[in-house]
Each structure stands twice: as C-alpha cells, then as structure tokens.
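Undergrad: First the structure, then my questions, so here it is.
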Amino acid sequence: MTGSQPTDVAGFSVPGRSRGLLDVFGYRYLLRLLVRKGILTRYHGSVLGWTWSYVKPAAQFIVFYLVFGIFLDLNRGIPGFPVYLFSGIIVINLFNEAFSNATKSIVDNAPLVKKIFLPRELFPVATVIVAFVHFLPQVLILLLVCLWVGWAPTWIGIAGILLGALIVVIISTGLGLLFGAVNVSFRDAQNFVELVLLFATWTSPVLYSWTMVRDTVPAWVLEIYMLNPLTAAVELFHEGFWLPTISEAVERPDSLWLNAFLALGLAIVLLFVGQFAFRRLEGRFAQDL
Amino acid sequence: MPKTSELTGVPRIVVNDIRKTFVLRHTHSFKEAFIAWLRRKKLTTVFSALDDVSFTIGEGESVALLGYNGSGKSTLLKLISGVLRPNGGMVLTRGRVAGLIEVGAGFHPDLSGRENVYLNAAILGMTRKEVDANFDRIVEFAEIGEFIDTEVKHYSSGMFVRLAFSVAIHTELDILLVDEVLAVGDAPFREKCKAKIAELSSQNKTMLVVSHDLDMVAELCQRGIVLERGRKVYDGDVKTAIGEMISRGSSK
Ligand SMILES: Nc1ncnc2c1ncn2[C@@H]1O[C@H](COP(=O)(O)OP(=O)(O)OP(=O)(O)O)[C@@H](O)[C@H]1O
Ligand SMILES: [Mg+2]
C-alpha cells in the first residue's frame, strides 16, 4: 500500500477515495516522472528543442517593444522600458501556460484517468510544475539583461519576485483544477479559458504603466484593477527586477505590498475553491471522458 | 448471499449490493437539446450497468468474471479498482490492487521503452527502488531486448503490449484485476503470461480475471461469477459457471 488511502474496517480501504491535493505529496515519485515526461515530450521531434523556450519570448518581446516602446513611444514615458516590459511578459506567460495546460490536463490524460485510479490532482499539478520549469529560462534571460544594465538586487525586491511567482503558481493551480474538472464534461471550458487568457496581458500593467490607468479611470475602477492578483504579481516583478535598474524617480502603486498579500489570500481561496469543485466533479471523470 | 463458506481468514475483496448507473445523453448540442425539449422527447435515459451485485473473494482465490458483451464485467473491475464510483452499495479491498484494466494506458509514444517502464511502474504504484530491482526482469519477460531504448511508437503492437503487460505483472500486488489483456500477443507469449499468472496464484495472490477465452479461464480459475445484463446470475465452480453462461446465451 502507498498508505494514502483512508482505512475503513481493519485493513480494508474503499477504492477510489483520495485526499485530493494532499495525496499528491504521497505520490512524489510519480509526480516527478510526470513532470519529467512533460519536459521530455514538450519539444519532441523539434530540432531546436528547448531553444524554443528562448525564441518565443524573445519574439514576443521584440514585437511588443517595437509597437509599444517605439511606435507608441512608451520608451520615453517609462524609463528602462525593455526591462519593464519583459519582467511583466514573463509573469503573464507563466500564468497563461500554467492555466491553459492545467485546464486541458485531465482530458489530455484521458486514457489514464479512465483506466487506472490515481489522485487526479496529479495531472494539473504536474502541468503547472512543467510550466514553471519552462518559465525559468525566461527568468534567466531577464536576469542577464538586468545585470547588464546594472541591477543591484535588494532583499525586498527578491522577496517580491518570489511572492509574485508564488501567487501566479497558486492561482493557476486553483483555476486549473476548477476549469480542468469542468472541461471533462464541457469542453467549452477550454475555449473560455483561452478567451480569459487573451485579456490577461491587457488587464495588468505589462505593456503600459499603472499611472495611465489611474489617470483615466474612476477611483473604484482603479481599486478593482489593482486588486487583480495578476496586477499584483506583475508589480512585484517590476519592484524586484525593474525598479533597481532605473535611476529616475517613478510613481509606484501606494499599497503594493498590501495588494500583494491580498492577492496571495485570494489565490489561496481560489485554490480551495478549485480543489472543492474538482472533488465534486471527480466522480464523473472516468465515465464522462 | 456471497459464498463465504469456503473462505479462510479475512477476505480480499468485498462487494456489497453494488449498483452502477450511467446517464445516457441523447443530445449533444444545445440545438438538439432544444428541439428534443420542444417535442417533449426525453433528453437522457438512465441505464443500469450493475444491479445489486454482491460477492466476497478470499485471499488467494482466482475468480473468473464471465458474461457476454455489455454485461458489466469491465464496469465491475473499474469499481473495484476505484476508477469508477458506485451509485449504491459498497466495495472494500484489502491490500495493493493492480488493475490490468488496460495495459499500457500510461504509455507515451514519444518516450523510450525504458522511460515508459519507469513511468508506468510508478503509475501502478511501484517505488523507484522496486522498479530498479525489477527492471531487468521486466525487460527480459517482455523479450524486447535492444528495443528498450527505442521510442515506443516504433514498436509493433505485440511488442507494445508485451512490455506493458510485463510492467504490470511485475508490480508488487495483493490483488490482480485482469481484463481481456491476454487476448493479445502471440501464442508463446500467451503461454508465458498464463504461466506467470498461475505462478502469482500459487503465491496466494488474489485474482479476478475477465476473459472471453473460456478454456484459459477454466484453467486459471477455480471459481466463476456470471453476470447477465448487470445482475449476478451464478457464482460457483468455474466449469459449471461456463456451462451456465453458455446455456443462458443459447436460450435467449
Ligand atoms: N462511461 C459509460 N457511459 C455510459 N455507459 C457505459 C459507460 N461504461 C459502460 N457503459 C455501459 O455499461 C454496460 C456494461 O459495459 P462493460 O464495459 O462493463 O461491459 P463488459 O461486460 O465489459 O463487456 P465486454 O465483454 O464487451 O467487454 C454497457 O452497456 C456499456 O454501454
Ligand atoms: Mg469489457
């Protein structure tokens, strides 16, 4: 026995019962192999392989930089715009990748879900971890650029980066559990998520500065805007990567850290909601797939 | 009543008044659903795949689950392995269950045989140590030799099944659920699988076998349970069970 199933009557267990996310820790070895599989098969059959993990964000960066930095002239409005831009993009990329893959994870693993009993939370969790691994090369590039333009890291900035990444990982796990479970019976979920992700880049201060939002919308809209956990995560990355590289004085959001902890709280709530919905729907996975 | 008279000690599998129903949807889009609703046609029907099935299987027993197509055999195995959940009744198992519901379910075509062995063994609940210790035996049993480092998508379907079966059969287990998997593979390999299953049986492992190969079932099992449209209609000696199933089939 893996010792993970609750025991009923003296050594007997009810097949198919799990403790949800907690069981994922009991299956660490399998989780590791699933992550490994995700990493190994990701660029399978491509010559460039993991180079694509660098090429894609680089291309994205160039396009946004040309359009927003040069054509729309944000280069002048936001000092150190390239670093500003890239540190936001990678946060959104992490979220998009983790959330959309987690949403599809149950359906993608249909043969396993239908034939063998495993804590099914393993699949969304594994895809989020793969997305995180995929995010690391992008951080590396950003780090090199930052060092090149004279980055002097601060402890508080590094804490901000870690907190931002943690918020994004937790939110995408929570949402991934929720939408991944719904996606089994209603493939609409997957399309809906794609729609949501389309907005993600634009509803947080990635391509522009938060002050532009403040200057145009009423106070309560700004309030909502700042409460978006992705906004908090992006601002934390700006705080950690971008701020130490510029010498100009810039306006920072008033309650950056308060919002960050609110976002963390919201992320944890979402994780519980996702897990709850997942457990409610899990009983139908094997028969509906 | 479950046959408990000949059991010694604590049972391995207890199935008590189990019920499983499936909801069959007749419409697959909003438009169809709307038209059906306008015409007052039913959108769904409830189909009962298993109805009040009870039995107990003791330690070391090999039991054949018999019945014609659609009688609910695979559904029952899935309930015992925990993949499906019953709508009523209760299933209890004791010990590690390895389900050969479908071998190779976790195989990824782009990974090598070796990677797949490790992945699948972990899926079936083996620890890393157990796989390392059994790896050579798994490959040897599958007889795929130098192909172990080739991607699984380049395997012949027989080779694929051999490797998958070999992984499953080498897991540490107390209860083995086998569904149809022996139908594949060539004759020598089938003989080998049969021998392996007989060996497990002699090691006091508990087995529940579904197969349409009646000769093999009669050879491997002592007891037979016959299902007919989701109901248990016979439980007893395997030879009698086979006769019962055939006579019921021909009298339809
Ligand atoms: N997920 C599902 N949704 C709806 N109906 C299902 C589902 N799974 C099984 N059934 C139905 O339940 C019945 C029993 O199926 P099951 O697969 O258990 O049969 P079986 O005895 O294994 O048959 P076979 O000998 O062909 O393998 C069938 O009528 C099947 O259509
Ligand atoms: Mg079947």
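The values are calculated or read from the model by the stated rules, or taken from the named source; none is laboratory data. Computed from a predicted structure; not experimentally measured. Quick reminder, even Gly has a Cβ in these numbers, built from the backbone with ideal geometry, and neighbours come from all protein chains shown. In case anyone asks, the SASA skips ligands and DNA or RNA and just uses the protein heavy atoms, side chains included. Shrake-Rupley method; radii C 1.70, N 1.55, O 1.52, S 1.80 Å.
Undergrad: Checking the condition under 21 Å from the mean Cα position of the chain (by Cα) and facing another protein chain (nearest Cβ under 7 Å), which residue from B:Leu119, B:Leu66, B:Leu77 passes?
TA: B:Leu119
Undergrad: Could you list, in sequence order, the residues of the range A:20-53 that are in a helix (DSSP H, G or I), open to solvent by 30 Å² or more (accessible area, probe 1.4 Å) and more than 12 Å from chain B (Cβ to nearest Cβ)?
TA: Result: A:Leu21, A:Leu22, A:Phe25, A:Trp50, A:Thr51, A:Trp52.
Undergrad: Considering only residues of the range B:185-219 that are away from ligand 1 (no atom under 16 Å from the Cβ) and not in a helix (DSSP H, G or I), which is farthest from B:Ile13 (Cα to Cα)?
TA: The extreme case among them is B:Asp186.
Undergrad: Within the range A:170-179, identify whether any single residue is among the aliphatic types (A, V, I, L, M) and within 14 Å of chain B (Cβ to nearest Cβ), and answer yes or no.
TA: Checked against the condition, which is being among the aliphatic types (A, V, I, L, M) and within 14 Å of chain B (Cβ to nearest Cβ), the range A:170-179 yields no hits at all.
Undergrad: Is it the case, given these coordinates, that B:Leu65 is more than 15 Å from A:Gln287 (Cα to Cα), within 11 Å of ligand 1 (Cβ to nearest atom), in contact (Cβ under 8 Å) with a residue 60 or more places away in the chain and not in a loop (DSSP other than H, G, I, E, B)?
TA: yes
Undergrad: Can you name the residue in the range B:165-197 that is small (Gly, Ala, Ser) and open to solvent by less than 50 Å² (accessible area, probe 1.4 Å) and is also farthest from ligand 2 (Cβ to nearest atom) among such residues?
TA: Top of the filtered list is B:Ser166.
Undergrad: Where the second residue is within 16 Å of ligand 2 (Cβ to nearest atom) and aromatic (Phe, Trp, Tyr) and the first is under 17 Å from B:Arg85 (Cβ atoms) and open to solvent by 40 Å² or more (accessible area, probe 1.4 Å) and lies in the range A:271-289, which pairs have Cβ atoms under 7 Å and are six or more apart or on separate chains?
TA: These pairs meet every condition: A:Gln287/B:Phe22.
Undergrad: In the range A:219-264, which residues are assigned to a helix (DSSP H, G or I) and open to solvent by 50 Å² or more (accessible area, probe 1.4 Å)?
TA: Once the filter is applied, which keeps residues that are assigned to a helix (DSSP H, G or I) and open to solvent by 50 Å² or more (accessible area, probe 1.4 Å), the range A:219-264 yields A:Ala219, A:Trp220, A:Glu223, A:Ile224, A:Leu227, A:Trp257, A:Leu258, A:Phe261, A:Leu262.
Undergrad: Same structure again: Please work out which one of (1) among the charged types (D, E, K, R); (2) within 16 Å of A:Leu34 (Cβ to Cβ); (3) part of a helix (DSSP H, G or I) is the condition A:Lys114 fails and give its number.
TA: So A:Lys114 meets the others, but not (2).
Undergrad: Can you pull out every residue in the range B:41-80 that is of a type outside the set (Ser, Thr, Tyr), buried (at least 18 other Cβ atoms within 10 Å of the Cβ), within 13 Å of ligand 2 (Cβ to nearest atom) and under 21 Å from B:Gly243 (Cα atoms)?
TA: Answer for the range B:41-80, where residues must be of a type outside the set (Ser, Thr, Tyr), buried (at least 18 other Cβ atoms within 10 Å of the Cβ), within 13 Å of ligand 2 (Cβ to nearest atom) and under 21 Å from B:Gly243 (Cα atoms): B:Leu65, B:Leu66, B:Gly67, B:Gly72, B:Lys73.
Undergrad: Another question about this same structure. Quick check: anything in the range B:116-134 part of a helix (DSSP H, G or I) and of a type in the set (Asp, Glu)?
TA: For the range B:116-134, residues part of a helix (DSSP H, G or I) and of a type in the set (Asp, Glu): present.
Undergrad: Hey, another quick one. Quick one: would you say B:Val10 is of a type outside the set (Lys, Arg) and open to solvent by 10 Å² or more (accessible area, probe 1.4 Å)?
TA: Yes, satisfied.
Undergrad: Considering each residue of the range B:220-252, count those that are open to solvent by 50 Å² or more (accessible area, probe 1.4 Å), part of a helix (DSSP H, G or I), modelled with pLDDT under 90 and more than 24 Å from B:Phe22 (Cβ to Cβ), and give that number.
TA: Selection size over the range B:220-252: 1.
Undergrad: When you go through B:Ile197, B:Ile138, B:Ile175 one by one, which is the residue that is within 18 Å of B:His108 (Cβ to Cβ) and among the aliphatic types (A, V, I, L, M)?
TA: It is B:Ile138.
Undergrad: State whether the residues of the range B:94-108 include one that is free of Cβ contacts under 8 Å to residues at least 40 places away in the same chain, more than 7 Å from chain A (Cβ to nearest Cβ) and away from ligand 1 (no atom under 16 Å from the Cβ).
TA: Taking every residue of the range B:94-108 in turn, none turns out to be free of Cβ contacts under 8 Å to residues at least 40 places away in the same chain, more than 7 Å from chain A (Cβ to nearest Cβ) and away from ligand 1 (no atom under 16 Å from the Cβ).
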